[in-house]
Amino acid sequence: MRKKVYYLDDEVDLCNLFQEFIESDEIEVITFVDARTAIEKCSEMPPDLMFIDYRLADTTGDVVATAIDSKIEKILVTGELKKPEHDVFSQVISKPFRLIELQKIIDEKFK
């Protein structure tokens, strides 16, 4: 069974890049550019892992993360110089990131 990975970022190009690089026979990637849609989808079909950008068009990643079931593992992706600290995230990844870094995290989570 394929693992589900969600990626929320208001930058469409980053969503597309993430999906192209990460999706495989073992990993299904669903991307979102809208926080509300991502939250709804997590309720309907929870992912195995979710990457959430911090600075979104209409909210912040920590607000989104607290609205999502606490059983879903969440990783914060941020370009902020001062890293937001919030206990709902298992990790914080700095932007700009290298896709290979994200792939390594996913590989470790799903071993």
ask   = What about Lys95, is it modelled with pLDDT under 95, within 17 Å of Asp10 (Cβ to Cβ) and basic (Lys, Arg)?
value = yes
ask   = Only one of (1) touching a residue at least 24 places away in the same chain (Cβ under 8 Å); (2) within 15 Å of Cys15 (Cβ to Cβ) is not met by Glu80, so which one is it?
value = (2)
query = How about the stretch 1-24: which of its residues are buried (at least 18 other Cβ atoms within 10 Å of the Cβ), part of a helix (DSSP H, G or I) and without any contact (Cβ under 8 Å) to a residue 60 or more places away in the chain?
reply = Leu14, Cys15
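The values are calculated or read from the model by the stated rules, or taken from the named source; none is laboratory data. These numbers were taken from a predicted model, which means no experiment stands behind them. With ideal geometry, Cβ positions are generated from the backbone for all residues, glycine too; neighbour counts draw on all protein chains shown.
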